[in-house]
Every structure is written in structure tokens, then in C-alpha cells.
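Comments concern the structure below.
The values are calculated or read from the model by the stated rules, or taken from the named source; none is laboratory data. The model shown is predicted, which means the values in this text are computed figures rather than measured ones. Quick reminder, even Gly has a Cβ in these numbers, built from the backbone with ideal geometry, and neighbours come from all protein chains shown. Side chains are part of the model used for accessible areas, which takes the heavy atoms of the whole protein and leaves out ligands, DNA and RNA. Shrake-Rupley method; radii C 1.70, N 1.55, O 1.52, S 1.80 Å.
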Amino acid sequence: MKNILILGAGLSATTMIRYLLSKSEENNWKITLADTNIAAAEKKTGNNPRGKAVRFDIGDSGLLAKLVESHDLVISMLPAMFHPVVARECIRCSK
């Protein structure tokens, strides 16, 4: 099973989230959607049994590390200024 982490549940992520969830059963994916707005993340994962919403704040480095370490693929849909933070954590976890 591939564990996919999506950071950010904003408008630009909606189509991708819907697509990945629609393909999750046939590809054996588990999708975690992390956002500061847990209600938005829950709404976008819906009742899909392979989707999970979690509260996330980019300022919480411990939570970021935990999430990155427990997923096979990380997709950042956060504002561009946060991509280096996510990338550094992904690199740290891949060593």
C-alpha cells in the first residue's frame, strides 16, 4: 500500500484530491489530507474509507516530521514559500 500525504486542502488542490481518492481503491493507496482547516480537509476526503483528514500547521516541525516519515509520497499544495520547508524534511527523512 502506498501512503500519500497531501499538504494543503485549498481550492487548487480540490481536483487532485478528488482524482487520487477516486483511484485509491484500485491502486491500493491511502490518502492523508493535512490542513490547518480540519473541516475543509474532512469535507474534501468525505466518507472515502481510504481518505483521512488531519489538522496540520507548517510551524509544527514535529508534526511535519511525523507525517513525512509515515508516508511514501508527499505532495505540497501549500503556498510556494513553504515548499523549501517541506522539501528539507523530505530530504532529511529519505536519508
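Summary of values
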| item | result |
| --- | --- |
| Å² of accessible area per residue within the range 1-78, as computed with a 1.4 Å probe and no ligands counted | 56 |
| C-alpha long axis of helix 83-94 to longest principal axis of the chain, angle in ° | 90 |
| Using a Förster distance of 30 Å, the FRET efficiency for PHE82-ASN3 (Cβ separation, nearest 0.05) | 0.90 |
| Length gained when the stretch GLU69-ARG18 is fully extended (0.36 nm per residue, less Cα-Cα span) | 16.0 nm |
| Calculated Rg and Dmax of the range 26-67 using C-alpha coordinates, Å | 11.2, 35 |
| Spin-label pair CYS93/THR36, simplified geometry with 7 Å Cα→Cβ offset, distance in nm | 2.1 |
| Apportionment of accessible area to carbon and sulfur, the chain, percent (1.4 Å) | 55 |
| Cα radius of gyration and Dmax for the chain (Å) | 12.4, 35 |
